[in-house]
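The next block holds one structure in the form of structure tokens; read it before the comments.
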Amino acid sequence: MEALLEITETELADFIQITNNLYGLDFSGYAQESLRRRVLRLMKLNTCDSFTSFKYVLANHGVSDDYLLNEITVNTTEMFRDFEVFKFLKEEVFSILETYPRINIWHAGCSTGEEPLSLAILLKEQGLLKRSVQYCTDINSEALSKAKKGIYELKEIKEYSKNYLRSGGEFSLSDYYVAHYGKIKMNKELGQNMLFSKHNLVNGTSFNQMQVIMCRNVFIYLTSEQQNRVLRLFVDSLAPRGFLILGAKESAVFSPILNELEIINGKLKIYRKKR
Ligand SMILES: C[S@@+](CC[C@H](N)C(=O)[O-])C[C@H]1O[C@@H](n2cnc3c(N)ncnc32)[C@H](O)[C@@H]1O
């Protein structure tokens, strides 16, 4: 019978300290329960039957930092995720963006690139793609290299197509990719103004004069102290009257930084810098 793997609170704290000291990774802000589940999964993958043996693997650099990051961070994403947000951008925000000669957009925690691609499609349909620059950052370099390739599973496309139309897409999603052996490759044109870079929101530097920052489903992994620090980074990176979009389950309501932001749509977590 397979022994039940367990990990105590002290061991979890040990994991956080070792990965911080030896790998330079900071998992201290991650929600304890999901971190515990992911460490247990890592132990299993490395055929360790106790935390002590896993600690030995870690201490001897038996795994790479990218591997650790991949297993600990959750990269789940999809095209036109929460389509109401994209619909709102198209209907209410694009007309404001149209007034800028150059539109800077930061996708913070872009994962494998489905979010920037979704926005690129809508920007193209509005004739705004050529003057937009999409800065796509993530802490996970493996997710970023997937984003750069723009190749995805065909099986997801039915749902994505539905959400593209619900977002106000004007044609067919199939106009934007070619399918081949169960995969789809997104049209190159969509990625022509995307810049990818590895960036840790918790200790990273700010960007300049962003008209839009999308950071969805990333805050859930951070402590409220880290969230506040990241919000500061976002407000500093926004151009006057720039838009900040958080994930459906996230908000800036409890942060003192809120008084620098106006709530544009509370349900969709869309904020705007006051000045
Ligand atoms: C659940 S995905 C969300 C992807 C996309 N924004 C969406 O909503 O579909 C969370 C992403 O945040 C990234 N992430 C987690 N902590 C981060 C940090 N401190 N700095 C930058 N990215 C981080 C993960 O690597 C992952 O790709």
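The values are calculated or read from the model by the stated rules, or taken from the named source; none is laboratory data. Values in this document were obtained by computation on a predicted structure and should not be read as measured data. Please note: Cβ atoms are built from the backbone with ideal geometry, for glycine as well, and neighbour counts cover all protein chains shown.
Please tell me if GLU142 is of a type in the set (D, E, K, R), outside the structural domain of LEU68 (by TED's automatic domain parsing), surrounded by fewer than 17 Cβ atoms within 10 Å (Cβ to Cβ) and at pLDDT 95 or above. Give the derivation first.
On the way: of a type in the set (D, E, K, R): yes; outside the structural domain of LEU68 (by TED's automatic domain parsing): yes; surrounded by fewer than 17 Cβ atoms within 10 Å (Cβ to Cβ): yes; at pLDDT 95 or above: no.
Judged against the criteria, GLU142 is not a match.
Just one of the listed residues (TYR164, TYR152) is buried (at least 19 other Cβ atoms within 10 Å of the Cβ), within 16 Å of the ligand (Cβ to nearest atom), farther than 21 Å from ALA108 by Cα and modelled with pLDDT of 95 or more, namely TYR164.
Within segment 236-260, the residues that satisfy the criterion of being in contact (Cβ under 8 Å) with a residue 24 or more places away in the chain, part of a helix (DSSP H, G or I) and either surrounded by 14 or more Cβ atoms within 10 Å (Cβ to Cβ) or within 16 Å of the ligand (Cβ to nearest atom) (or both) are ASP236, SER237, ILE257, GLU260. Condition first: farther than 25 Å from LYS269 by Cα, over 21 Å from the mean Cα position of the chain (by Cα) and either away from the ligand (no atom under 16 Å from the Cβ) or assigned to a loop (DSSP other than H, G, I, E, B) (or both). Can you find one or more residues in segment 191-209 that meet it? No.
Kindly check whether there is at least one residue in segment 174-183 that is at negative phi, within 13 Å of the ligand (Cβ to nearest atom) and surrounded by 14 or more Cβ atoms within 10 Å (Cβ to Cβ). No, because not a single residue in segment 174-183 is at negative phi, within 13 Å of the ligand (Cβ to nearest atom) and surrounded by 14 or more Cβ atoms within 10 Å (Cβ to Cβ). Condition first: buried (at least 23 other Cβ atoms within 10 Å of the Cβ), outside any loop (DSSP other than H, G, I, E, B) and either among the hydrophobic types (A, V, I, L, M, F, W, C) or away from the ligand (no atom under 16 Å from the Cβ) (or both). Now tell me which residues in segment 104-113 satisfy that. Selection gives ILE105, TRP106, ALA108.
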